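The values are calculated or read from the model by the stated rules, or taken from the named source; none is laboratory data. Just so we're clear, the structure is a prediction, and the values are computed from it rather than from any experiment. Here the Cβ positions follow ideal geometry from the backbone for every residue, glycine too, while neighbour counts run over all protein chains shown. Just the protein is used for accessible areas: all its heavy atoms, side chains included, with ligands, DNA and RNA removed. Shrake-Rupley method; radii C 1.70, N 1.55, O 1.52, S 1.80 Å.
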Amino acid sequence: MVQRVCILGATGSVGGSTLDVMALHPDRYEVFALTAFHRVPELAALCQRWRPRFAAVGTAAQAADLRARLAAADVRTEVLQGPQALCDLAAHPEVDSVMAAIVGAAGLPACMAAARAGKRLMLANKEALVVGGRLFMQAVREGGALLLPIDSEHSAIFQCLPEDPATWADRIAHIVLTASGGPFRSRDPASLHAVTPDEACAHPNWVMGRKISVDSATMMNKALEVIEARWLFDLQPEQIRVVLHPQSIIHSMVVCRDHSVLAQLGTPDMKVPISVGLAWPDRVASGADMLDFLGTKPLTFEPADDQRFPGLGLAYDALRGPEGCTTVLNAANEVAVAAFLAQRVRFTDIHRINAATVAALVPGPADAASIDDLLALDQRARASAEAFALGLAR
């Protein structure tokens, strides 16, 4: 049976890799819908290649542009627009699987729609769990969705565990999330104030978008993954540990109660966890290079430096704080990274903005009662973070 797939964020790196894997298995997968936020020419090219039933963009002007491009190419894809279109496509009755690859909190409503509709939900949007946490997992359970993590680290943990989540608690002592350390693992922390956006986006191992590349450089990406792991695997903060592994060959590990360690290894290529998400519990060709044990450099491990990567501590503090603290942290980080990429603030200001926003905005119970409440909290946190960014603007 052919699996009809909706890709949210089709023009990003994860969306592109998803299409690369699907292209290897035309008998298994069909592109049903593709979405993009603003990259209309790229989305038009994908529609010409894949001929999906639907495509969606952010605004009416973008939709008109996309329709014109598709009409000129004689492509009969129906074009939709706006945030509701993403939710409608994610929950469409003819969609079997959803690749959630939208970056940031903007992807949460569509992820919730897919969860409530009981889809095979391949989650590359970590912010859905960082922002939504308890409510998102509740929607997954109530909707009967199959939640498959796509972050390489969480996919690794998932692959090391039995298929029945009911057995996980009895097996896990703790998990170890590995981190490359990004481009500044060995750089003098005193020099980080001078880092440029291009330097921060030059990841040594992975090819990623600019926002997630900056998050990797600050290790906020790993901080958000700690929060994500808490919800995916129902763990306490002290059961989640982080270690630097510069080679990015071991993608993460499960330490069992008997102290045996289960690890998932592979080349640093997102097509592997994507292929797992598309085919689980089967295994299919991913297109990634095979790991060459004889040609691989020695595998090394280092502690995460609190001075160089202070964002990790914020994540653990947010997990232990009132519900909604992780929403505030994520919102602040999105604003801070955007300000850095626009060269309005320095690299080291990202942590200052995040810490100041978390300290200034402590959520109450009413801030996390519903997804709408969390999204409203998200907006307040963004405004607060923007104010701090303006104060630091150089």
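Things worth noting here:
- Legend: calculated FRET efficiency, Arg39 to Ala285, from the Cβ-Cβ distance at R0 = 30 Å, rounded to 0.05, equals 0.60.
- Chain lengthening between Asp306 and Gln247 when straightened (0.36 nm per residue, less Cα-Cα): 19.2 nm
- Rel. contact order, % - alpha carbon contacts under 8 angstrom, at least six apart, the stretch 7-152: 19 percent
- On a per residue basis, the stretch 232-360 carries 45 Å² of accessible surface, using protein heavy atoms and a 1.4 Å probe.
- A straight chain from Ala72 to His193 at 0.36 nm per residue would run longer than the Cα-Cα distance by 38.7 nm.
- Separation between Cα centres of the stretch 99-120 and the stretch 26-75, rounded to whole Å: 19 Å
- Among Lys297, Lys222, Lys126: highest mean-square fluctuation, GNM of the chain, C-alpha pairs under 10 Å: Lys297
- Helical mean residue ellipticity (222 nm; -39500 (n - 2.57) per DSSP H run of 4+; nearest 500) of the chain: -13500 deg cm²/dmol
- Across the stretch 139-145, computed HN-Hα scalar couplings (Karplus, 6.51 cos²θ - 1.76 cosθ + 1.60, θ = phi - 60°) run 5, 4, 5, 5, x, x, 6 Hz from first to last residue, x flagging Gly and Pro.
- Evaluated at q = 0.12, 0.15 Å⁻¹, a Debye calculation over the C-alpha positions of the stretch 1-103 (equal weights, vacuum) places log10 I(q)/I(0) at -0.33, -0.52.
- For the stretch 278-384, the set of chymotrypsin sites (Phe, Trp or Tyr not before Pro) satisfying both a DSSP loop assignment and a count of at most 16 other C-beta atoms within 10 Å is given as Phe293, Phe301.
- Accessible area per residue in Å² at 1.4 Å probe, computed on the stretch 1-150: 39 Å²
- Estimated FRET transfer efficiency when R0 is 35 angstrom, pair Glu142-Thr59 (beta carbons, to 0.05): 0.60
- Shown here for the stretch 99-164: GluC sites (Glu not before Pro) in loop regions (DSSP other than H, G, I, E, B) with at most 13 other Cβ atoms within 10 Å, namely Glu163.
- Partners of Lys126 within straight-line reach, counting lysines whose Cα lies under 18 Å from its Cα and excluding those fewer than 8 residues away in the same chain: Lys211, Lys222, Lys271.
- The stretch 172-192 residues near the modelled Cys256 label - backbone nitrogen below 15 Å, point 7 Å along Cα→Cβ: 172-175
- Estimated from the Cβ-Cβ distance and a Förster radius of 25 angstrom, the FRET efficiency linking Thr296 and Ala202 is about 0.70.
- The chain: antiparallel DSSP beta bridges as a percent of all, rounded to 5: 25 percent
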